[in-house]
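Structure record follows, encoded as structure tokens.
The values are calculated or read from the model by the stated rules, or taken from the named source; none is laboratory data. What you are looking at is a predicted structure, and each value in this text was computed from that prediction instead of being measured. Backbone-built Cβ (ideal geometry, glycine too); neighbour counts: all protein chains shown. The accessibility values were calculated without ligands, DNA or RNA, using every heavy atom of the protein model including side chains. Shrake-Rupley method; radii C 1.70, N 1.55, O 1.52, S 1.80 Å.
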Amino acid sequence: MLRDYLIKKLNGVFYKRDEPQSQSPLSDEIKISGYLNTNLEIVRKITKNCSDVIIREFLMGNIRAAVIYIDGLVNTLSVDQTVIKTLMYGTDDNCEPCCIDEIINKLIVSGEIKKVNTVNDGFEGFLSGDTFLMADGIKEGLIINTKGFEKRSVDDPQTDSVIRGSREGFIENIRTNTALLRRRIKSVSLCVENIKIGRETKTAVDIIYLENVANSELISEIKRRLIKIDIDGILDSGYLQYFLDDNPKSVFSLVDSTEKPDIAAAKILEGRAAVVVDGSPFVLTAPMYFGESFQSPEDYYIHSVAATMLRVIRYLSFFVSILALPAYVALTTFHQELIPTQLLYTMAAAESGTPFASFIEALMMTVVFEILKEAGVRLPKPVGQAVSIVGALVIGETAVSAGLIGAPMVIAVSITAVTAFVTPAQANTIVLLRYILLVLSAVLGGFGITVGLLGILIHLMSLKSFGTPYLAPLAPLRISDLKDTVFLAPVRARLTRPHGLSRKNPIRQKLSD
Amino acid sequence: MKYFRITVSLMMIMVLSGCWSSRELDELAVVMGIGIDKSGDHLECCTQVIVPQNVGSGEEGGAHGEKPYTNFITEGKELSTCISKVSDTTGKYVFMSHNLIAVLDEDAASDGIYKYLDYLMRDNQLRLSVCLFVTDKSPEEVFNAEAPLFEIPSINLSKISEGFPESLSGQNVTVLDFINNMMCKKKGSLVPFITLVDGKIKVCGSAVFNGDKMTGRLDEEDLKGVLWIIGDLKGGDIVLDINNNTLSLRIGRIKSKTFPVLDKNGEIYIKAEIRGDLYLVSDDANMINTIGMDAVVEKLNQSVEKEILTSLSKTKKMGVDIYGFGDMIYRKNPAVWRAIENTWENRFKEIRVDISADFSIIETGSIIGSVKK
């Protein structure tokens, strides 16, 4: 309805799927012919504008051969040594044209090698960093793994920081990421299923799960949703989040994302599935519970009582973050009788002389804070300090002493801002909810806040992530799953997986005597 | 499109309706106390309003020397009209929710205060926890009293009232308490009586109300005797005089039980049992060791009983049942009460009250005896 209307307006006449589009040069399948020249002609024609495609012709005995690879994506040494050198020196003059199996079996020293018989497959191979070998008189080509491009090293991730716990973080390389997971779960049941998404980007996407734990319906549903995607490119796992969401219109994220392998491994062990996308250090896990936003890997590594305390603080922060400012506005403009007397006249003293209504002040301050936050994230690091000085001094101190804003308002805004960072998974949602509640509180006061909160609650109750209620295990209440909500039971008491996540293997730990 | 329209209309309803009934903090004149002064049939109302700018809070406190409150004197026929006239002067909305006290002039109290109480109860901003006081000065003087520790005299007064259970010098009476007393069977009320000494507020006894009219006063000594029976005591010091030596004791915990006894012969009398734990706080003559703990306790019991009896005889003469004996009888046996209801004033003057005090001294401080030999 409204959504369709907007999509139509925003995308002009081309919004329908079956509009004509320009054909890719490789849309038809081209067989590799026995003549190297013909094959190379095709390749040259297609890659005429690609200066980074290297085509190297050489003699294999007395047969002409060529390797095609992309400069920068391959390990040059490996191409020279394992492919070109062995082929040039390892063959003698009476090499037969049909000896491709001999090349595989006796000559090329590479772990991963694949026979192809279409140029299309060859292209796919060398475009992702492998070397494509063709020879005269052979109707097949070889894809040899020579991948070796630059990548970031595995280091401390920016998000999900912990004091105690692993410091490793995912990087942009999908193979490294899957290896990080495999290193934590050394099980043959750990499945890594690959899908390529993106007409142009051909991005590798891996679905990782424990075959003997995760429900097969979940895996097939994830696959179904991923395969349906017909898009030019996937540049980050964030793209997939929308396709995997049960309810993309909701402001709440129904798929969790993490930058830490230990978190992803824990989720996989619980029976969830992880989706790793090449080029993104953020790994998606599904299905997601709302309560997962309040978990930190550290909870599981420290004493459960301390962890419970931290959880309480996180839940509290969430509510403070969305409610502090609306409550302040509601109290000062509608319910002054609820403010303790002494506080009332302190607040009245601070507010007297400020030219704006509380709501306007609150709105101004939060918007200014969001701007500062955004500037702080985007600015180059050396300039970042300037932003914090401007933020702290100019906006905070000076606005108060200039009589533009009351001091209690600055406190309320600061508390709101700081507490939002306690639950990074919901940080953006919190900001949105806060604005909604702020408007409601300014218009209807405490009644507005109540209505807003009820609305949010009803919405949360209606959400499902891959068929699992978002608010589980609180609504619907499942006592056995309360061991990992606000209250965290000790490891020895966490015997079962969350209900429904693993129907075939619900037991995690067996009680020993 | 339909949803688009609905969304837009909903937002318009929200935004265009504006902030109905919202008021900014700086649009309020926050009333902390009201004083009621009656001269003839004209009502003079003194309203204490906060001036927030002058409320000192650290270095950023307001202009020095300026008082953080102002008092407005308004006249009118009714209390409500007097109070709403405050906004004629201030230009701000008179906000009564934080009103802490109502100070009544002695004359106004003698004429009956139900008129004011009715307003204090009905107004939806005012709370039933407003504390009542009666003064012999004008409320304006009370509101201009020095309140060195509290900045605002009204707050000082309400704190005094809160401190009553621990000071043995009065009883905290809120509008709700007063109304409750009025609804009891022929029960009087005690309202703290304040006066000014050297420009500062001082509590001196209580005003005695019969129904809604003030009929007399109890001085501090008499009030103490009454409080033993009705008070909810949590502290306060008792000075005991034994052979011209004094020792003082602090109240730790008091449990008093008062109940009517309906005799088989038809006689009605009241029994009051007072039990309590006390701490010895000063005994420089070492009475505890010279005459013994039991003797001290015995003397103490007698002295308190005497104190109660003295004030009882005085209050009986006044003829106002401030103890609520009548109500106790009614609760025990409504039929008996109905029979004696009409003659209760006279019966009260003659009623027998058996008092038994039974204290124990549970701590004598961290020294064994006094050092002086």
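Need one number: % antiparallel among DSSP beta bridges in the protein assembly as shown, to the nearest 5.
On the way: 94 of 120 bridges.
Of those bridges, close to 80 percent are antiparallel.
Return the FRET efficiency for the residue pair A:Ala306, B:Ser356: r is the Cβ-Cβ distance, R0 is 56 Å, and the value is rounded to the nearest 0.05.
Rounded to the nearest 0.05, the efficiency is 0.50.
From a point 7 Å beyond the Cα of A:Ser512 in the direction of its Cβ, which residues of region A:154-196 have a backbone N at a distance under 20 Å?
A:186
With axes computed from alpha carbons, what is the tilt in degrees of helix A:36-46 against the longest principal axis of chain A, rounded to the nearest 10 within 0 to 90?
Compared with the principal axis, the helix lies near 30 degrees.
Heads up, I need the accessible area for A:Glu124: 1.4 angstrom probe, whole protein in place, Å², nearest 10.
90
Return one whole number: the accessible area per residue of region B:25-218 in Å², for a 1.4 Å probe.
It amounts to 41 Å² per residue over region B:25-218.
Could you calculate, for region A:174-288, the ratio of the Cα radius of gyration to the Kirkwood radius, expressed as Rg to Rh?
Here the Rg-to-Rh quotient is 0.93.
Okay, helix-only estimate at 222 nm for chain B: each DSSP H run of n ≥ 4 adds -39500 (n - 2.57), divide by all residues, round to 500 deg cm²/dmol; what do you get?
-9500 deg cm²/dmol
How big is the Rg/Rh ratio for region B:159-255, C-alpha atoms only, Rh by Kirkwood, two decimals?
Values: Rg = 14.7 Å, Rh = 14.5 Å.
Taking Rh as the inverse mean 1/r over Cα pairs, Rg/Rh reads 1.01.
What angle do you read, to the nearest 10 degrees and between 0 and 90, between the alpha-carbon axis of helix A:358-378 and the longest principal axis of chain A?
On a 0 to 90 degree scale, this one is about 30.
Please sort through the DSSP H helices of chain B and keep those with an alpha-carbon extent of at least 30 Å along the long axis and a Kyte-Doolittle average not below -1.0.
What comes out of the filter, once short or polar helices are dropped, is B:293-318.
Using the C-alpha atoms of chain A, what convex hull volume per residue, in cubic angstrom, is computed?
So the per-residue Cα hull volume is 208 Å³.
Enter the mean number of other protein chain beta carbons within 10 Å of the beta carbon of each residue in A:357-370, as an integer. Don't skip to the end; give the middle numbers.
Numbers: counts 6, 5, 3, 0, 0, 0, 0, 0, 0, 0, 0, 0, 0, 0.
Counting other chains' Cβ atoms within 10 Å and averaging over A:357-370 gives 1.
Considering amide H positions built from the backbone, and no H for Pro or chain starts, which residues 5 or more places from B:Tyr323, or on another chain, come under 5 Å of its amide H?
Excluding prolines and chain starts, which carry no amide H, the hits are B:Gly188.
What is the projected area of the convex hull of the Cα atoms of region A:404-505, averaged over all directions, in nm²?
In nm², the orientation-averaged hull projection of region A:404-505 is 9.2.
What does the structure give for A:343-356 when I average, per residue, the other chain Cβ atoms found within 10 Å of the residue Cβ? Mind dumping the intermediate values first?
Values: counts 0, 9, 15, 3, 3, 12, 14, 7, 6, 10, 3, 3, 1, 1.
Across the residues of A:343-356, the mean count of other-chain Cβ atoms within 10 Å is 6.
Buried accessible area for the B:A pair, summed, 1.4 Å probe, in Å² rounded to 100?
The B and A chains share an interface burying roughly 2400 Å².
So how compact is region B:25-218: Cα radius of gyration and Dmax in angstrom?
My reading of the Cα-based Rg and Dmax gives 16.1, 55 Å.
How far apart, in nanometres, would the label points at A:Tyr242 and A:Ser33 be if each is projected 7 angstrom from Cα along the Cα-to-Cβ direction?
Result for the modelled spin labels: 4.4 nm.
Taking the Cβ-Cβ separation of A:Glu41 and A:Ser189 as r and a Förster radius of 35 Å, what is the calculated FRET efficiency to the nearest 0.05?
Rounded to the nearest 0.05, the efficiency is 0.15.
Quick one: Debye curve from the C-alpha atoms of the protein assembly as shown, no solvent, what's log10 I(q)/I(0) at q = 0.06, 0.09, 0.10 Å⁻¹?
The calculated log intensity ratios at q = 0.06, 0.09, 0.10 Å⁻¹ are -0.69, -1.09, -1.19.
Under Stokes-Einstein, with the Kirkwood radius over Cα pairs standing in for Rh, what whole-number D in µm²/s applies to region B:232-373 at 10 °C and 1.306 mPa s?
The calculation lands on 93 µm²/s.
Charges only on Cβ, +1 for Lys and Arg, -1 for Asp and Glu: so what's the dipole of chain A about the Cα centre, in debye to the nearest 20?
So the magnitude is around 1120 debye.
Heavy-atom accessible area of A:Lys373 with all protein chains present, probe 1.4 Å, nearest 10 Å²?
Rounded to the nearest 10, the figure is 50 Å².
Give the value in nm², to one decimal: projected area of the alpha carbon convex hull of region A:301-465, averaged over all directions.
Numbers: hull surface 50.0 nm².
Over all viewing directions, region A:301-465 projects a mean Cα-hull area of 12.5 nm².
Given N residues in region A:104-164, what is its alpha carbon radius of gyration divided by 2.2 N^0.38 Å?
Normalised by 2.2 N^0.38 Å, the Cα Rg of region A:104-164 equals 1.72.
Go ahead and run the numbers for FRET between B:Lys200 and B:Val8, Cβ-Cβ distance against an R0 of 56 Å, rounding to 0.05.
Working from the Cβ atoms, E equals 0.35.
Tell me, what is the per residue accessible area of region A:301-465 in Å², probe radius 1.4 Å?
Details: 7680 Å² over 165 residues.
With all protein chains present, region A:301-465 gives 47 Å² per residue.
Give me the accessible area of B:Val371, 1.4 Å probe, in Å² rounded to the nearest 10.
Roughly 120 Å² of B:Val371 is accessible to a 1.4 Å probe.
Leaving out ligands, DNA and RNA, and with a 1.4 Å probe, what % of the accessible surface on the protein assembly as shown is carbon or sulfur?
56
For B:Ile242, what residues show an amide H to amide H distance below 5 Å, using hydrogens built from the backbone and excluding near sequence neighbours?
Counting only residues 5 or more places away or on other chains, the set is B:Leu247.
I'd like the Karplus ³J(HN,Hα) series for region B:240-247: coefficients 6.51, -1.76, 1.60, θ = phi - 60°, whole numbers in Hz, and an x wherever there's a Gly or Pro.
10, 10, 10, 6, 6, 9, 10, 9
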